[in-house]
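Asks: The following block contains the structure, expressed as structure tokens.
The values are calculated or read from the model by the stated rules, or taken from the named source; none is laboratory data. For clarity, every value in this text was computed on a predicted model and none was experimentally measured. Cβ coordinates were reconstructed from backbone atoms using ideal geometry, including for glycine residues, and neighbour counts include every protein chain displayed. For accessibility, only protein heavy atoms count, side chains too; no ligands or nucleic acids. Shrake-Rupley method; radii C 1.70, N 1.55, O 1.52, S 1.80 Å.
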Amino acid sequence: MTQPFELPHFYMPHPARLNQHVEQARAHSTQWARDMGMLEGSGIWDQADLEAHDYGLLCAYTHPDCDGPALSLITDWYVWVFFFDDHFLDMFKRTPDRAAGKAHLDRLPLFMPLDLSSAVPEPQNPVEAGLKDLWARTVPAMSEDWRRRFAVATEHLLNESMWELSNINEGRIANPVEYIEMRRKVGGAPWSAGLVEYATAEVPAAVAGSRPLRVLMETFSDAVHLRNDLFSYQREVEDEGENSNGVLVLEKFFGCTTQQAADTVNDILTSRLHQFEHTAFTEVPAIALEKGLTPGDVLAVAAYTKGLQDWQSGGHEWHMRSSRYMNKGARSDAPWQRLTGPGTSAADVGALLASAAAERLRAYTHVPFQKVGPSLLPDFHMPFQVELSPHLEACRPRLTAWMHQMGMLEEGVWDEDKLAAYDLPLCSAGLDPDATPEALDLSAHWLAWGTYGDDYYPLVFGARRDLAAARLTTARLSACMPVDGEDAPVVPVNGMERGLIDLWARTTAGMTPDQRRTLRDAVDAMTESWVWELSNQLLNRVPDPVDYLEMRRATFGSDLTLSLCRMGQGPAIPPEVYRSGPVRALENAAVDYACLTNDVFSYQKEIEYEGELHNAILVVQNFFGCDYPTGLGIVHDLMTQRMEQFEHVIAHELPVLYDDFDLSAEARAAMGHYVADLQNWLAGILHWHREVDRYKSEFLSRRTHGFLPDLAPTAPAPGLMIS
């Protein structure tokens, strides 16, 4: 069969190595699959299928250093997960039978108890039998923290198969951002990262949830999945009728040829690997120091990181050799450009050296403060009408008085003229048109505080290139938010601290400690993302596109907004509904639309007047090497598709979710209010951007970004600690 495109050159700097216990793993996994009922008689595989796929070779390449028993156990896990995938395809995707598929998936978590003394049901099929056996053999060697993380990754891997099934039923192809997010769950690489911990070293709980370790796992996952999409396009799209493939997603999004889409997928894959390396060499050592990891903990993180690199190289080598995938032409045609022998298919040295430097350097070559002219505004797709609070006019002078009282108009960053030009009460009036005067004031104060901080960090710390002071400020701000109702252990020294202490006390007065903790985490995510921006600014580094979009949600304060919206719905909506795939997809689509709206309006302000690197249009320009109008067109198309996804989730996915969770009438009504809040949020944000002077060329030329005349900005002294 003719291949639909020529496989690109893959960036893979680490040669694959083969575990010496490969034959032991092959023999063990074959017998295990037969014992579990996965071979003859299953209707899915026979032994010839299993041998052709050669999962023993996959695991021997991806886990080259573990001992024989560990390799055999890991191979059993991969036999199980690929059998699950093929079984689900044959039983529920080809049918398609959503109800039976959901019933099948609902039983599987019962076989993964955190406490091994808990009873589990009798398996009814090979998938259940395999999971029961594997769980009992694996988890005794790992901590409860690892068990919990691995169980969640396994449930995501299983449950998001319903997302794929729903898209197949509807003939729907995901947008690029949705696809990357969902592919992480359904593709299984976060699950694979858990098995890397089993094979190498468990990640210390103190850093397992931190940004650097999360980014290592996510970049690993994205690269694994995008590589698989390139090799499996022919089987998945042409043979199985799958819609979940990155090449197909980009074909549809860009309206381009399959070859162009494949080349772009490979560019994204390469960028994700560069992000992995950047994180491993810069952010991981910093978090180890910040968290005070022991030498043993540091070695564990290093072993895990190396294990992820080994998986990348080994997974590539296996794709080159497995009959499961199209791999003709994946090697270089120039034999003098590559090494020979087992494990060297990725080590195309000449091409690697020729391309790696240019690809890596393009992130550092942006020239700041280029004149770009007024921001170009497309025809925004906005299906919701804006409504404004009747208390808007009275809110404006109260905000000005509060800003003076907190001291944020006396620090050299803002004055009354800027505050009036930004008109944050107008934004609050659109976000919550039914708010009481007190609630509207509180909303406007939070918006003003967050926007002020977003301006303060690059202006004060960026101008001084003082990342240490920014980290100290961020730690002090976190301490301004006690979760048990006690007074903040901080004597405020600037407007941001005074403002946050005041906002925290007013906002959390009636909250439980858990609610306060959730809100504090949301504020911390925002302030810590400002430090991430500063770090890139000091390096003159334009972010990787995927990392940018995900961090943009934090820099925009999205978690804070969503936390406040959710708390407004009370306890009627169960927490598991908020954690569900459709609700997270709904929220992320809304947040991305709002963030990208801001990037479109703020392009001139950020690029020309502030020398900023964190703007989606600039990120797209840098990645694709295109001009401003072309970059804007790509961002606008993405905005439109995110809004269409938001509407799709409301119309098609939420009704199914309500039935799946058997929600009460009260909970369904509360979810309706939550959706309406998000719709108001979207319409209100767009309206605010259109109306205020903050992003308009005339205002920018009059008030060039910088410190206010005759006012020195404040920053904590290096020795100033939390009292």
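Asks: Which residues does the label zone of Asn169 cover in the range 644-661, counting backbone N under 19 Å from a point 7 Å along Cα→Cβ?
Replies: So the set is 645-661.
Asks: Distance check, please: which entries in Lys371/Lys696; Lys132/Lys185; Lys418/Lys696 exceed 19 angstrom between their Cα atoms?
Replies: Values: Lys371/Lys696 15 Å; Lys132/Lys185 21 Å; Lys418/Lys696 13 Å.
Check vs 19 Å cut-off fails for Lys132/Lys185.
Asks: Along Cα→Cβ, 7 Å out, is where each label goes; now give me the distance between the ones at Lys291 and Arg235 in nm to one decimal.
Replies: 3.6
Asks: With every protein chain present, what is the per residue accessible area of the chain (1.4 Å probe, Å²)?
Replies: Result: 39 Å² of accessible area for each residue.
Asks: What ranking, highest mean first, results for peptides 439-447, 459-467 when packing means the other Cβ atoms within 10 Å averaged over each residue?
Replies: Ranking the peptides 439-447, 459-467 by packing returns 439-447, 459-467.
Asks: Bin by bin, in steps of 5 Å, what percent of the Cα pairs in the range 621-708 do you find, going until the bin that has the longest distance?
Replies: Result returned by the calculation: 3, 10, 12, 14, 14, 14, 11, 8, 7, 5, 3, 0.
Asks: What percent do you get for the relative contact order of the chain when only Cα pairs under 8 Å and 6+ apart count?
Replies: It comes to 15 percent, rounded to a whole number.
Asks: FRET efficiency for Asp637 and Gln124, Cβ-Cβ distance as r, R0 = 41 Å, nearest 0.05?
Replies: 0.35
Asks: A follow-up question, please. With all distinct Cα pairs included, what does the Kirkwood hydrodynamic radius of the range 413-486 come out to in Å, to one decimal, could you say?
Replies: By the Kirkwood definition, the hydrodynamic radius is 14.3 Å.
Asks: A follow-up question, please. May I have the extent of the alpha carbons of the range 470-530 along their three principal axes, as whole Å values ordered from largest to smallest?
Replies: 30, 23, 15
Asks: Which of the aspartates and glutamates could be linked to Lys605 by a straight reach, that is with a Cα gap under 16 Å, when you skip same-chain ones fewer than 8 residues away?
Replies: Output for Lys605: Asp454, Asp455, Glu691, Asp693, Glu698.
Asks: Can you list, largest first and rounded to whole Å, the semi-axes you get for the range 211-279 by taking the square root of 5 times each eigenvalue of its Cα gyration tensor?
Replies: 24, 13, 9
Asks: Let me ask something additional. What is the mean projected area of the alpha carbon convex hull for the range 1-126, to one decimal in square nanometres?
Replies: Values: hull surface 45.2 nm².
For the range 1-126, averaging the hull's shadow over all directions gives 11.3 nm².
Asks: May I ask you to rank Lys418, Lys371, Lys306, Lys252 by accessible area, largest first, using a 1.4 Å probe over the protein chains only?
Replies: Result, largest first: Lys371, Lys252, Lys306, Lys418.
Asks: Compute the orientation-averaged projected area for the range 107-166 from the convex hull of its Cα atoms and round it to one decimal in nm².
Replies: Dividing the Cα hull surface by four gives the mean projection, 4.3 nm².
Asks: Within the range 606-710, report the GluC sites (Glu not before Pro) that DSSP leaves as loop and that have at most 10 other Cβ atoms within 10 Å.
Replies: none
Asks: Restricting attention to the range 1-82, which GluC sites (Glu not before Pro) occupy a DSSP loop and are surrounded by at most 16 other Cβ atoms within 10 Å?
Replies: The qualifying sites are Glu6, Glu40.
Asks: R0 = 35 Å: FRET efficiency of Asp145 with Ser322, Cβ-based, nearest 0.05?
Replies: 0.55
Asks: How far apart, in nm, are two points set 7 Å out from the Cα along the Cα-to-Cβ line at Glu393 and at Leu538?
Replies: Taking the two extended label points, one gets 4.9 nm.
Asks: Tell me, what is the FRET efficiency for Asp487 and Arg517 to the nearest 0.05, using R0 = 25 angstrom and their Cβ-Cβ distance as r?
Replies: 0.90
Asks: While we're on this one: For the range 136-283, rounded, prolate or oblate, judged on the Cα gyration tensor with a ≥ b ≥ c (square roots of eigenvalues), a/c < 1.5 rounded, else prolate if a/b > b/c?
Replies: oblate
Asks: Is the shape of the chain rounded, prolate or oblate, going by the alpha carbon gyration tensor and its root eigenvalues a ≥ b ≥ c, with a/c under 1.5 for rounded and a/b larger than b/c for prolate?
Replies: prolate
Asks: Using just the helices of the chain, give the 222 nm mean residue ellipticity in deg cm²/dmol: DSSP H runs with n ≥ 4 each add -39,500 (n - 2.57), and the total is spread over all residues, rounded to 500. Intermediate values should be presented prior to the final figure.
Replies: Numbers: 33 runs with 445 residues, N = 723.
-19500 deg cm²/dmol, from helical runs alone.
Asks: In addition: Only helices at least 24 Å long along their axis, Cα-based, and averaging 0.5 or more on Kyte-Doolittle count here, so list those DSSP H runs from the chain.
Replies: In the chain, the long hydrophobic H runs are 68-88.
Asks: Continuing with the same structure: Could I have the simple spin-label model distance between Ala205 and Ser701, label points 7 Å from Cα toward Cβ, reported in nm to one decimal?
Replies: 6.0
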